[in-house]
Every structure is written in structure tokens, then in C-alpha cells.
Amino acid sequence: MKKPIKADSYNKSNLVADVIIIGGGLAGLCNAIHLSKFNKKVLLIEKNEYPKHKVCGEYISNEVLPYLDFLEINPFDFGAVKIENFQLSTTKNNLISAKLPLGGFGISRYQLDLILSEKAIKNGVTILKDSVINVDFKNDIFSVETKENNTFTSKITIGAFGKRSLLDVKMEREFIKKKSPYLGVKIHVKGSFKEDLVALHNFKGGYCGVSKVENDAINLCYITNYASFKKYKNIDDFQEQVVFKNQFLKEIFNNSQAIFEKPLTISQISFETKKPVENHILMCGDSAGMIHPLCGNGMSMAIQSAQIASKLILNYLKGEIESRNELEKQYIRQWNKKFSLRLKAGHFIAMLFRKDRIAAILLQILKKLPFLLPIIIKQTHGKPMKI
């Protein structure tokens, strides 16, 4: 693999690009690959090296497969696991199963980000390991400043820097001003778990997703509110006293062997509404909005947001969209059309499951009327992407 370019390779000089992408997760990398397919000069700035594990559910709906094929990426060539079935349990240890309407696949972010970054570099994308500290927009041009004292300019800048960033603070985005009371924890383990299954097990104050990824590893990723977690000394104590009250989770954790030396954690996760465009920057992935992990479709949304942004940017650069104002309006319109109902459904479903009594009643209804569960799942998923 060609190494990402180091900041000092530029000798502190300016680089003029068609598009600068801030953040090299799923949304940033898919944008980079898409735009570079059409010979656009793309600079992607990412603070971490590839590959890297991230706190993530690592289940992706099959709706993205046509687009990944367009990007010349086949996740099954790299060990992705086909997933067709879904299980849900409540804090009372009631369980319900269903077929996933579209199905999906499991692959780690460690693997998928590496695949995408290699493809981007092969396409001619410049990947720079650095951190962006400021973005200015003046005279219809972006100036992007980095921690390594580089300044780069571009016609378009995409924000794909994840759940929260210092740039969110710098831009005084509304969501960053509000408390973010959620904590995410992830580990990979070896053990017994059905390969074609993704499970969502609820416990008091949170829920845990379970699914297989490549190399026969099981991804265990849970989210909880910080108020519940801080009552306990550490993660092990919290799991023993809270998470393992769900018998399904207790069985999986106790009958598996950890692959990671220690769990990965992320704090201050926010599900507040975000704007898809800020300071003329087109936001993609989690930078534009997060669906509750309970709904298991955030990775798919990140990939789809890249397609929306890239297609509009290409039209703008060709002159088919006549003004930046129109570009931004179209992006906001298409983003909301694709995702706003999903996000609202995700908020509503998560709210129901935070209330133990309501969740128990809901599960009883679903047991009696099992055809309702795939209908609910469809509210947070889309149809196969069109190319």
C-alpha cells in the first residue's frame, strides 16, 4: 500500500485542490473515491493512520452494495460476513427474531477503512496525516489550516470528521453546545455466535449490538448513558452489575475470549440534530447527523451521504449547478429527503426502548404480530442505492 503523505512532504507550501475532505472515515473515503473516479484533484486530511479500530456497530445494510460496486469495492472479497437474521431482547430477557428485509453484512472498520483508503490512493487521492484546526471561506475559496502549519485551498470542502470535533466547537455548531450524555464501548471476541445473525440486546440504560465480522471475530458494541456508567468503578464492574442482567449478553461475554487487550471507548456521543451544511462546508456521515446505534444503520447512512455529496459536487464543478447557493440548497434538500425520516424514527424507537415498561409491552405486541418488526426495521433503512 502506498503510504499516506506526511505533512512535511509539502514543505509548508499551498496545495490547490478541487475538493478538500476533512476526515477519512467511511463518508470521507467514499467521497474521495467517487470524486477521483472523475479525475478531480482530491486532498483528504485524516488525523489517524490506517488501519485503526473504531467504536462502531460494524453492521451495514445491503442497500449500499450497488454503490460500493460502483466504487469498485466488494466487501465480500475481504471477508465480510453475510447477515440475514435479526434478534431483539429487552431488559426482561424476552426475545424476538425476524428476517432482515434487505439483509446486510458485517465487516470491521479496521478492515473497511483500510480497503477504502487503499482504493482512494490508487485513484490518485492525496491522503495527508494531519489535523485541521481552522477553515475559512472567502471570495468563494476555502482555506484549510492544519496543525502542522499547512494551509491548503480548494473550491469545495467536505466535513466528514465524525461524531464531534474541535471544528464543531470552532464553528459554534448548535449541537455541540448541548450535553452529550452517551458513552460507547466496543470489543472483538472469539466465541460462538451465528454468522448470519445481528442481535440487539437491551440492558438498563443502554443496548448492545452483536454480529460477526471478518476472521470469525464477534463484534460487541454497546452504548449507555454516562449517568448509569459513572456509578461503577470501571467497565468490568459496569458490565457485571448492569450489562449482564441481560442473560443473552452474559452468555456471550462469559463464553468468549477477548481479542482486544482492552475495550475501546468513546464519550460525549450526541444524537442532537445537525445541519448538513455549515459555513458552506458540506457535512457527510456523522458530521451531518447520527442515527441511534439501536437502529444499526449509521455506516450505511455515511456511505449514502457520500454519494449524494459527490454527485452534486461533480455537477457543480461541471457548471450544471450554477451557484454555490444552489449546490447547498440541493444538498440539504436531498440529505433531508434521504435521512430525516430515518433519524426521527431512530429517535422515537430509542425513546421507546429507554422506557422499560413500554419496551416490554412493545415486545409482547411484536411477538403476537411478528410481521410488524420488519416494517419497523424498514423505517430506519432504505432501498438499494441507485447508480
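If you average the sequence gap of Cα pairs under 8 Å that are 6 or more apart and divide by the length of the stretch 193-344, what percent do you get for the contact order? The partial results should precede the final answer.
Numbers: 142 pairs, mean separation 21.5, N = 152.
The normalised contact order for the stretch 193-344 reaches 14 percent.
Report, in deg cm²/dmol and to the nearest 500, the calculated mean residue ellipticity at 222 nm for the chain, where each DSSP H run with n ≥ 4 adds -39500 (n - 2.57) and the sum is divided by the residue count.
On the way: 11 runs with 127 residues, N = 387.
Rounded to the nearest 500, it is -10000 deg cm²/dmol.
Sorting check: for 200-207, 66-73, which peptide has the highest mean count of neighbouring beta carbons within 10 Å, and how do the rest follow? Intermediate values should be presented prior to the final figure.
On the way: 200-207: 22.8, 66-73: 17.1.
Per-residue mean Cβ counts within 10 Å order the peptides as 200-207, 66-73.
Take peptides 124-130, 222-228 and line them up by average Cβ neighbours within 10 Å, highest first, as a rough protection proxy.
Result, highest mean Cβ count within 10 Å first: 124-130, 222-228.
Using alpha carbons only, how many angstrom separate the centre of the stretch 294-332 from the centre of the stretch 21-46?
Cα centroid to Cα centroid, the span is 13 Å.
Taking only C-alpha pairs under 8 Å that are 6+ residues apart, what is the relative contact order of the chain in percent?
Values: 781 pairs, mean separation 86.7, N = 387.
Relative contact order for the chain comes out at 22 percent.
Once you have the Kirkwood Rh of the chain from its Cα pairs, apply Stokes-Einstein at 37 °C and 0.692 mPa s and quote D in µm²/s.
153 µm²/s
If you place +1 on the Cβ of every Lys and Arg, -1 on the Cβ of every Asp and Glu, and leave all else neutral, what size is the dipole of the stretch 241-297 about its Cα centre, to the nearest 20 Debye?
Values: 5 positive and 5 negative charges, 29 e Å.
So the dipole magnitude of the stretch 241-297 works out to roughly 140 debye.
Translational D (Stokes-Einstein, µm²/s) of the stretch 63-165 at 10 °C and 1.306 mPa s when Rh comes from the Kirkwood sum over C-alpha pairs? Working shown, then result.
Details: Rh = 17.7 Å.
It diffuses with D of about 90 µm²/s by this estimate.
Lys250 accessible area, nearest 10 Å², 1.4 Å probe?
Near enough 90 Å² of accessible area.
Can you give the relative contact order of the stretch 274-335 as a percent, counting alpha carbon pairs under 8 Å and 6+ residues apart? Display every interim value, and only then the final one.
Values: 56 pairs, mean separation 19.7, N = 62.
Normalised by residue count, the contact order of the stretch 274-335 is 32 percent.
How large a share of the accessible area of the chain, in percent, is made up of carbon and sulfur atoms when the probe is 1.4 Å and the other protein chains stay in place?
50 percent
Just to confirm, what accessible area per residue do you get for the chain at 1.4 Å probe, in whole Å²?
Working: 18080 Å² over 387 residues.
I get 47 Å² per residue for this part.
The values are calculated or read from the model by the stated rules, or taken from the named source; none is laboratory data. It should be emphasised that the depicted structure is a prediction, and the values quoted were computed from it without experimental measurement. Every residue, glycine as well, gets a Cβ built from its backbone with ideal geometry; the counts of neighbours run over all protein chains shown. The accessibility values were calculated without ligands, DNA or RNA, using every heavy atom of the protein model including side chains. Shrake-Rupley method; radii C 1.70, N 1.55, O 1.52, S 1.80 Å.
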